[in-house]
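Here is the structure we will look at, set down as structure tokens.
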Amino acid sequence: MTPYEANPRAAEVEAFLARTPFAQKLGMRCDIRGDEMTAVLPFSKKLIGNFTIKALHGGAISSFLELTAMAQVFLVTDLARPPRPINLTIDYLRQGHAKDLYARAYITKMGRRMASVRAEAWQEEKSKPVTALMAHFMVGGD
Amino acid sequence: MSADLSDLEQRLTLMRENMKMMTKAVPWARDLGFEVTRIEKGRVWGSQPWDETLVGDPDTGVIHGGVITTLLDNLCGMSCSAILPDFRFVATLDLRIDYMRPADKGRAIIGEAECYHTTRTVCFTRAWAYHETRDKVIATAAGAFAINQPRPADKLESLA
């Protein structure tokens with residue numbers, strides 16, 4: 001069974017990422033299994049923020065996490081368009097090294113108008129997140 | 001002549017002389033294409049031009065929020081360098097962004113950051129993103145930055 005049969009929204013999430021220029025610029029992909037999605041940000045030199053310590057730019061990581069959270073909400077709702085972000089808080093926990101980055105988003109609360117979402121990005125070990133994000137999105141009634 | 005980076009006034013002068021370099025040396029900032037445009041004590045301004053590749057909503061042409069996050073994060077960090085009595089590297093601890101209204105398609109976004117308080121270990125900053133004035137903001141940010149303690153490798157001459 002393909003992921004598409006498990007969740008017909010998967011194709012829409014992939015189409016959204018494919019037609020969003022900024023997601024393409026970042027170079028992010030996603031792996032969807034049913035209602036679970038792991039986003040992948042393959043390492044690229046342009047994502048570096050500090051040459052000396054070869055660290056990923058915090059802005060690149062948070063952009064990736066924001067898109068991951070947005071895509072997760074889009075995946076589990078029947079919204080016609082991706083949700084609009086209201087605000088977000090980013091917690092930079094560890095340095096992002098010059099390697100691939102992965103992320104997952106979890107919906108804490110899905111309301112009628114707003115959704116509360118958290119997301120985490122990691123590299124070698126999922127239990128040692130590089131960056132955490134908390135965000136609110138408009139999901140209807142605006 | 002190499003500037004004394006432990007002197008704030010000299011450091012500000014050096015930063016102003018190298019405004020273009022400040023983002024050119026940061027790959028992700030250079031890739032997005034923003035520049036630092038003005039530096040005062042504890043305050044830094046920058047400009048992010050609109051570009052097709054930065055669009056987050058293909059239906060409206062609005063720039064993705066991540067671009068604004070990168071701009072404000074970077075400017076906040078620089079505002080710390082523009083006020084600390086000694087030259088130190090800072091690292092973002094956390095950053096909060098509130099999106100007030102979408103940016104207009106085709107227009108540059110101005111970012112303004114201010115470091116309004118420092119302790120021995122932490123810098124507190126806030127920032128605004130807008131097209132014209134702060135009265136009509138696109139987004140606001142608040143961030144805390146950890147001040148890295150100097151290491152032997154941080155020789156001032158190698159940075160000047």
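The values are calculated or read from the model by the stated rules, or taken from the named source; none is laboratory data. Bear in mind that the values here come from a model prediction, so they are computed numbers and not experimental data. A quick note on method: Cβ atoms are made from the backbone with ideal geometry, for glycine too, and the neighbour counts reach across all protein chains shown. Note: accessible area is taken over every heavy atom of the protein model, side chains too, but ligands, DNA and RNA are not part of it. Shrake-Rupley method; radii C 1.70, N 1.55, O 1.52, S 1.80 Å.
Below are the figures for this structure:
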| quantity | calculated |
| --- | --- |
| FRET E, pair B:ARG96, A:ALA80, Förster distance 41 Å, beta-carbon r, rounded to 0.05 | 0.90 |
| B:THR53-A:MET138 pseudo-label distance in nm [points 7 Å out on the Cα-to-Cβ vector] | 3.0 |
| Separation in nanometres of the label points that stand 7 Å from Cα toward Cβ, at A:ILE53 and B:HIS117 | 2.5 |
| Inverse of mean 1/r across different Cα pairs in the stretch B:8-159, Kirkwood, Å | 15.8 |
| Placed amide H near B:MET100: partners under 5 Å, 5+ positions off or other chain | B:ALA139, B:THR140 |
| Placed amide H near B:ARG38: partners under 5 Å, 5+ positions off or other chain | B:TRP45 |
| Full-extension gain in nm, B:GLN10 to B:ALA25, via 0.36 nm per residue minus C-alpha separation | 3.4 nm |
| Å² of accessible area per residue within the stretch A:3-138, as computed with a 1.4 Å probe and no ligands counted | 45 |
| Over the stretch A:18-76 - Rg/Rh using Cα atoms and the Kirkwood inverse-distance radius | 1.02 |
| Principal-axis tilt of helix B:8-17 within chain B, Cα atoms, nearest 10 degrees | 50 |
| Carbon and sulfur %, accessible surface of chain B computed with the full protein complex present, 1.4 Å | 52 |
| ³J(HN,Hα), Karplus 6.51/-1.76/1.60, whole Hz, each residue of the stretch A:132-141, x for Gly, Pro | 10, 10, 10, 9, 10, 10, 7, 10, x, x |
| Neighbouring partner chain Cβ atoms per residue of A:49-55, average, 10 Å criterion | 4 |
| Amide proton proximity set for B:GLY61, modelled H, under 5 Å, gap of 5+ | none |
| Radius of gyration, Dmax [the stretch A:3-138; alpha carbons; angstrom] | 14.3, 47 |
| Chain A, accessible surface, carbon-and-sulfur percent (1.4 angstrom probe) | 52 |
| Percent of alpha-carbon pairs separated by more than 33 Å within the protein assembly as shown | 22 |
| Shape metrics for the stretch B:1-92, restricted to C-alpha atoms - Rg then Dmax, Å | 14.8, 52 |
| Estimated vicinal HN-Hα couplings, Hz - the stretch B:97-102 in sequence order (Karplus 6.51, -1.76, 1.60; Gly, Pro = x) | 10, 10, 8, 8, 7, x |
| Solvent-accessible area buried by B and A, counting both chains, probe 1.4 angstrom, square angstrom | 2600 |
